[in-house]
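Encoded as structure tokens, the structure appears first; notes follow it.
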Amino acid sequence: MQHNNILDEICKASMMKAATALSKMLKTPLKIDIKPIEIDTIQKINLPNYSDKMIVCVFVPIKDKVVKGGSSLLFTQKSAFAICDSLLNRTDGSTNKITEIEESALKELANIILGNFLTPFAHSLLIGTLLHSPAVFENDMSPEVIKHTRSLLSKYIDHDTVINIAFGYEHDNKIGDINIVFNSKEINHLLQKLMVISNG
Amino acid sequence: MDKITNMHTHDFDSRLILFSEFNPNPIIGLNLLGEFIFVNLSARTQFPTLVRLGKKHPVLSVLIDELSEFKHGTEELIIFSRDVFYLNNIYDQQIFAMPKRNVIFIYMNDVTEQRHIEEELKLVNAKLEEDQR
């Protein structure tokens, strides 16, 4: 129970840092919806449901020695265009397709969000840093993307049970979801170590 | 300033006010109309005209307009982060609004030196890239 409370607080502080960085990148205030932390299997965790829409996903693997995981930044194609307008300093409505430039901008955004999440997260768990790998970009129908995201998570997290940390953001047509998923066994081990050290 | 001090005791726990009062970084509390709830010592000394100018002060520029787009009473947290320029300084401003509670909290950090170093690094990087071509 105590572990869960500590994890909640660490995740909340890390999500706030990530959301603040996102707001700065998009140059706009964002309404933030922090979801409850889930501990479940990769197949059962809640990933955003965009029905049958075309969506964009930027998946960033976390292939650190200490903790394995992955993060997905998801938005509808329409929202991805609006976000690219902001990131690339274009007038609203200018972006209408995703080329290498837009893909690179969205990957950069995903890296910045995850980096800003991982820094306070790792510091709080007394592990200094957590390394993430190059982002994987996908633009497809929602069910296919979600299926592929789950398979990527299974590939990078060598464990059935995971911790799913998620928040949504929204302002005008800039709407998206961020999920950061970790191997729960590794996180629990770190929390136990943290408790031992904290208690002296 | 007395007006703000009086509001402290009515609207906030005075111990929490004291806690923020001596924070070395500027902290500002507003309601959704842009009226001050709290301005700590650092904010009062670094921005002496803040209370008089209110939402017209450069550090609060367009903030209330930007936040007014969100519905009053919304449950969610609104987060906004930006750099603001005041005289020769650059401040990182982190804004947390809770419309349901009618509050906006603004936390500021002077990042002038950091931003200048970042600019210098960008120039060095650009030069190195150009040299490699």
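What nm value, rounded to one decimal, do you get for the distance between A:LYS63 and A:SER154 when each label is placed 7 Å out toward the C-beta?
For A:LYS63 paired with A:SER154, the spin-label model returns 2.0 nm.
Pop a pseudo-label 7 angstrom from the Cα along the beta-carbon direction at both A:ILE112 and A:ASN139 and give the gap in nm to one decimal.
About 2.0 nm separates the two model spin labels.
Over all directions, average the projected area of the Cα convex hull of region A:1-125 and note it in nm².
9.0
In deg cm²/dmol, rounded to 500, what helix-only [θ] at 222 nm does chain A give when every DSSP H run of at least 4 residues adds -39500 (n - 2.57) and the total is split over its residues?
-15500 deg cm²/dmol, from helical runs alone.
Could you work out the mean projected area of the convex hull around the alpha carbons of the protein assembly as shown, in square nanometres to one decimal?
Mean shadow area of the hull around the Cα atoms is 20.2 nm².
Mind giving me the nanometre distance, one decimal, between the label points for B:VAL111 and A:LYS53, set 7 Å out from Cα along Cα→Cβ?
It is 3.0 nm.
Neighbouring Cβ atoms within 10 Å as the yardstick, rank B:PHE105, B:PHE19 fewest first.
Exposure proxy ranking, most exposed first: B:PHE19, B:PHE105.
Within 10 Å of each Cβ in peptide A:24-32, how many partner chain Cβ atoms are there on average? Round it to a whole number, please.
For peptide A:24-32, the averaged partner shielding equals 6.
Grab the beta carbon distance between A:LEU131 and B:LEU33, set R0 = 56 Å, and tell me the FRET efficiency rounded to 0.05.
Rounded to the nearest 0.05, the efficiency is 0.75.
Please report the relative contact order for region B:2-132, taking Cα pairs under 8 Å with a sequence separation of at least 6, and give it as a percent rounded to a whole number.
This gives 20 percent for region B:2-132.
In peptide B:77-86, what is the residue-averaged number of other protein chain Cβ atoms found within 10 Å of each Cβ?
That works out to 6 on average.
Mind ranking B:111-119, A:21-29, A:82-90 by how tightly packed they are, going by the mean number of other C-beta atoms within 10 angstrom, highest first?
A:21-29, A:82-90, B:111-119
Could you compute the net charge surrounding B:HIS116? Neighbours are other residues with a C-beta less than 12 Å from the C-beta of B:HIS116; K and R count +1, D and E count -1.
-3
All of the numbers you see were taken from the coordinates with simple rules; none came from a lab. These numbers come from a predicted model, not from an experiment. Quick reminder, even Gly has a Cβ in these numbers, built from the backbone with ideal geometry, and neighbours come from all protein chains shown.
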